[in-house]
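> The structure follows.
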Amino acid sequence: MKIGIIGSGTMGSGIAQVAATAGCKVKLFDTNQSALDKAKAALDKILSRLIEKDRIDGDEKIRIQSNISYVDDLKDLSDSDLTIEAIVENLDIKKKVFSELETYVSEHCIIASNTSSLSIASIAASLKRPERCIGIHFFNPAPLMQLVEVIPAIQTSKEVLEKSVKIISDWKKIVAVAKDTPGFIVNRVARPFYGEALRIYEEGIADFITIDESLKTLGGFKMGPFELMDFIGNDVNYTVTETVFTAFYFDPRYKPAFTQKRLAEAGYLGRKSGKGYYNYDKSGGIIIP
Ligand code: NAI
């Protein structure tokens, strides 16, 4: 099966690894050459670490790497059976890419988005054949997280839904089919987790380290909310909150926080930029401020 991935950032590169490990031929596309180079180098490092941990051998590393090619022209995805878009969380930009992509791919190609919060119906509306559009939402990091939400839009055909569920299950993921509503399942439940933590911080009730530690030690969470926002990226996480808030007609339960907005504006994106709520060393380890 031939898979085209659009956007080689955090999610696109992870999804490419998942598909290539499952034996698919993957083309990973990005408009930014340095993002492609970074994705290639990161995969090499991840696979080497898996060899050290005895999880794969050298042949497996070569097999996975040889299943991925890195391309800088959207036309290169023309022979895809499935494309998954993982670019910036912006409806207008996604729509533009989707309508261009449709002019290159064949009729049977499924066109999916990894969006966290945008309406699949509105993305599908940019296509001449919207019934081929679906949401396929991986979690970060895609190779480790078991769950994938599959979201049919009202335009999506039954056949495209069934095919998508089968492909993702074949990639050894657990599929949850959800309706096309803001945040789907997990991101909707997660909004108050970040939002309340930010409100507690902004009201001066506790500092963010105390909040994180409390939720980890007592709440049993693997990461506290601030650590997790830094891990996801404050730009991406803020945009998702803003989109969900707007899409639920400004329901105060989902209200975004200025604290995170300012971090995103300043480029303090979290682990990927080396600074967010916390500072990070080169290997991504937290430096407590
Ligand atoms: P990212 O910022 O790490 O990567 C985005 C990539 O898309 C960049 O490499 C950029 O160069 C590329 N790009 C931007 N515009 C493009 C265009 N027009 N054509 C081709 N490439 C383009 O973003 P990330 O975190 O991977 O998010 C991507 C999508 O996945 C978003 O829709 C986001 O909401 C969703 N998502 C993000 C998760 C996360 O934890 N970061 C989790 C699940 C979904």
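> Take Ser66 and tell me if it is in contact with a strand residue (DSSP E or B) (Cβ under 9 Å, 6 or more places away or on another chain) and over 16 Å from Pro143 (Cβ atoms).
It is false that Ser66 is in contact with a strand residue (DSSP E or B) (Cβ under 9 Å, 6 or more places away or on another chain) and over 16 Å from Pro143 (Cβ atoms).
> Let me ask something additional. Any idea which of (1) closer than 21 Å to Thr115 by Cα; (2) exposed (fewer than 15 other Cβ atoms within 10 Å of the Cβ); (3) of a type outside the set (Gly, Ala, Ser) is the one Val244 doesn't satisfy?
(2)
> Continuing with this model, one more query. Among the candidates Tyr280, Tyr254, which residue alone is touching a strand residue (DSSP E or B) at 6+ places or on another chain (Cβ under 8 Å) and at negative phi? Outline the logic, then answer.
Values: Tyr254 fails: touching a strand residue (DSSP E or B) at 6+ places or on another chain (Cβ under 8 Å).
Among Tyr280, Tyr254, only Tyr280 is touching a strand residue (DSSP E or B) at 6+ places or on another chain (Cβ under 8 Å) and at negative phi.
> In the list Thr181, Thr210, Thr243, Thr217, which residue meets the criterion of being among the hydroxyl-bearing types (Ser, Thr, Tyr) and either under 20 Å from Lys261 (Cα atoms) or within 15 Å of the ligand (Cβ to nearest atom) (or both)?
Details: Thr181 fails: either under 20 Å from Lys261 (Cα atoms) or within 15 Å of the ligand (Cβ to nearest atom) (or both); Thr210 fails: either under 20 Å from Lys261 (Cα atoms) or within 15 Å of the ligand (Cβ to nearest atom) (or both); Thr217 fails: either under 20 Å from Lys261 (Cα atoms) or within 15 Å of the ligand (Cβ to nearest atom) (or both).
Testing whether each residue is among the hydroxyl-bearing types (Ser, Thr, Tyr) and either under 20 Å from Lys261 (Cα atoms) or within 15 Å of the ligand (Cβ to nearest atom) (or both) leaves just Thr243.
> Among (1) free of Cβ contacts under 8 Å to residues at least 24 places away in the same chain; (2) farther than 23 Å from Ala264 by Cα; (3) not acidic (Asp, Glu), which single condition is Val105 missing?
Evaluating Val105 over (1) free of Cβ contacts under 8 Å to residues at least 24 places away in the same chain; (2) farther than 23 Å from Ala264 by Cα; (3) not acidic (Asp, Glu) leaves (1) as the failure.
> When the residues of region 217-240 are filtered to those that are among the hydroxyl-bearing types (Ser, Thr, Tyr) and free of Cβ contacts under 8 Å to residues at least 60 places away in the same chain, which remaining residue is surrounded by the fewest Cβ atoms within 10 Å (Cβ to Cβ)? Before you say what the answer is, go through the steps one by one.
Taking region 217-240 and keeping what is among the hydroxyl-bearing types (Ser, Thr, Tyr), we get 217, 238-239.
Those left that are additionally free of Cβ contacts under 8 Å to residues at least 60 places away in the same chain: 217, 238.
Values: Thr217: 10, Tyr238: 24.
Among them, the one singled out is Thr217.
> Still on this structure, please answer the following. With the checklist (1) of a type outside the set (A, V, I, L, M); (2) in contact (Cβ under 8 Å) with a residue 40 or more places away in the chain; (3) closer than 25 Å to Lys272 by Cα in hand, flag the one item Lys53 doesn't pass.
Of the numbered conditions (1) of a type outside the set (A, V, I, L, M); (2) in contact (Cβ under 8 Å) with a residue 40 or more places away in the chain; (3) closer than 25 Å to Lys272 by Cα, the odd one out for Lys53 is (2).
> For Arg271, state whether it is touching an Asp or Glu at 6+ places or on another chain (Cβ under 7 Å) and among the basic types (Lys, Arg).
Numbers: touching an Asp or Glu at 6+ places or on another chain (Cβ under 7 Å): yes; among the basic types (Lys, Arg): yes.
For Arg271, the condition - touching an Asp or Glu at 6+ places or on another chain (Cβ under 7 Å) and among the basic types (Lys, Arg) - is met.
> Among the candidates Ser214, Ser164, which residue alone is at pLDDT 95 or above, of a type in the set (Gly, Ala, Ser) and surrounded by fewer than 17 Cβ atoms within 10 Å (Cβ to Cβ)?
Working: Ser164 fails: surrounded by fewer than 17 Cβ atoms within 10 Å (Cβ to Cβ).
After ruling out the rest, the residue left standing is Ser214.
> Among Arg191, Arg253, which is the only one that is within 16 Å of the ligand (Cβ to nearest atom), among the charged types (D, E, K, R) and either under 21 Å from Thr10 (Cα atoms) or in contact with a Pro (Cβ under 7 Å, 6 or more places away or on another chain) (or both)?
Details: Arg253 fails: within 16 Å of the ligand (Cβ to nearest atom).
Arg191 is the lone residue from the list that is within 16 Å of the ligand (Cβ to nearest atom), among the charged types (D, E, K, R) and either under 21 Å from Thr10 (Cα atoms) or in contact with a Pro (Cβ under 7 Å, 6 or more places away or on another chain) (or both).
> Also: Scan Ser116, Ser106, Ser157, Ser164 and give me the residue that is within 14 Å of the ligand (Cβ to nearest atom), assigned by TED's automatic domain parsing to the domain that holds Ser78 and polar (S, T, N, Q). Explain how you work it out, then say what you get.
Details: Ser106 fails: within 14 Å of the ligand (Cβ to nearest atom); Ser157 fails: within 14 Å of the ligand (Cβ to nearest atom); Ser164 fails: within 14 Å of the ligand (Cβ to nearest atom).
When all the criteria are applied, what remains is Ser116.
The values are calculated or read from the model by the stated rules, or taken from the named source; none is laboratory data. Small disclaimer: the values here were computed from a predicted structure and weren't measured. Positions of Cβ are generated from backbone atoms using ideal geometry, with glycine treated the same way; all protein chains shown enter the neighbour counts.
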